[in-house]
Amino acid sequence: MAAYDRILVEITDHIGTLTLNRAEKANAFDPDMCDDLLEALRMLASADAVRVIVITGAGKAFCAGADLGVLGTQGDQLVKAGKDIALTIRNAPKPVLAAVNGAAAGGGANLALACDYRLASDQAAIGQVFHKLGLGPDWGGSYFLPRLTSISKSLELVWSARMVPAAEAVQLGLFDRVVPAEALGAETRALARRWAGMAPLAVRKAKAALYRSLHATLEEMLDVEIADQEALFATPEARQLMRNR
């Protein structure tokens, strides 16, 4: 397995856990960290041994977004990296779960929103803080926010640049579930193991179909379902599971 300076990667029980590892900087992005993150995501997305990817942060923060020490000189690199990272997560043929252990701000917030599901600590918070720096959302924020909440609420979150506490974030749909901080690791593992235990091709096709439905008609999706089911009926996994019921 490749070694990374700013990312920790562990593969256990078909779960690939990717930990942002700049705790002294609240896991803020610099170009090297973005490179490590993208390479590690691509590796886990293509690894047959991995069925679920988990992204979390070291220390007390999930990710503070851009490292302010390099933002003024290398900000364009950070913004462009966000495109590749968000697309890699969305196109990964397996679930990507964000375990939001603390503050997720700016690009760090949108890294979490890019994931398929967000399980958060009750001590976590998430915020579109870009306007505090005179900037606008990047890393997919302008796409993810209105699909998870609404246009008006998205505008309020961006314009106010406030950090949203976990209890409010789950009500808005920014977090999918909130658990006590001390239970986050166990709850993350339990959820990831459940997903990893499902037939991989069925999981892959479901992710692709549900995201495709955001831009498709009912008729188009009914045709997708027919094609997917025909392919899945023929798999050894489905045949075995149906025989055992």
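The values are calculated or read from the model by the stated rules, or taken from the named source; none is laboratory data. Predicted, not measured: the structure shown is a model, and the values here were computed from it. Note that we place each Cβ from the backbone using ideal geometry, even for glycine, and neighbour counts take in every protein chain shown.
Note on the stretch 125-199: enclosed helices (runs of 4 or more DSSP H) holding 1 or more residues that are in contact (Cβ under 8 Å) with a residue 40 or more places away in the chain are 141-148, 166-172, 184-196.
Within the stretch 162-178, restricting attention to residues that are within 10 Å of Ser121 (Cα to Cα) and buried (at least 18 other Cβ atoms within 10 Å of the Cβ), the residue that is nearest to the chain's Cα centre (by Cα) is Phe175.
A quick yes/no check of all residues on (1) of a type in the set (Gly, Ala, Ser); (2) more than 17 Å from Arg6 (Cα to Cα); (3) not assigned by TED's automatic domain parsing to the domain that holds Met43:
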residue	(1), (2), (3)
Ala61	yes, no, no
Gly65	yes, no, no
Gly69	yes, no, no
Gly72	yes, yes, no
Asp76	no, yes, no
Asp84	no, yes, no
Thr88	no, yes, no
Lys94	no, yes, no
Ala99	yes, yes, no
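Of all residues assigned to the stretch 65-84, at least one qualifies as being buried (at least 22 other Cβ atoms within 10 Å of the Cβ), in a strand (DSSP E or B), at negative phi and among the small types (Gly, Ala, Ser).
Looking at this structure, is Leu210 surrounded by 13 or more Cβ atoms within 10 Å (Cβ to Cβ), modelled with pLDDT of 95 or more and either part of a loop (DSSP other than H, G, I, E, B) or not acidic (Asp, Glu) (or both)? So that I can check it myself, show each step before the final result.
Values: surrounded by 13 or more Cβ atoms within 10 Å (Cβ to Cβ): no; modelled with pLDDT of 95 or more: yes; either part of a loop (DSSP other than H, G, I, E, B) or not acidic (Asp, Glu) (or both): yes.
Criteria not met by Leu210.
Return the only residue of Gly65, Gly108, Gly102, Gly69 being of a type outside the set (A, V, I, L, M, F, W, C) and under 12 Å from the mean Cα position of the chain (by Cα). Result: Gly108 is the single residue among Gly65, Gly108, Gly102, Gly69 that is of a type outside the set (A, V, I, L, M, F, W, C) and under 12 Å from the mean Cα position of the chain (by Cα). Go through the stretch 193-207 residue by residue and tally those that are surrounded by fewer than 16 Cβ atoms within 10 Å (Cβ to Cβ) and among the small types (Gly, Ala, Ser). Number satisfying all stated conditions: 2.
Annotation: Leu87 fulfils all but one of (1) free of Cβ contacts under 8 Å to residues at least 12 places away in the same chain; (2) aliphatic (A, V, I, L, M); (3) touching a strand residue (DSSP E or B) at 6+ places or on another chain (Cβ under 8 Å); the unmet one is (3).
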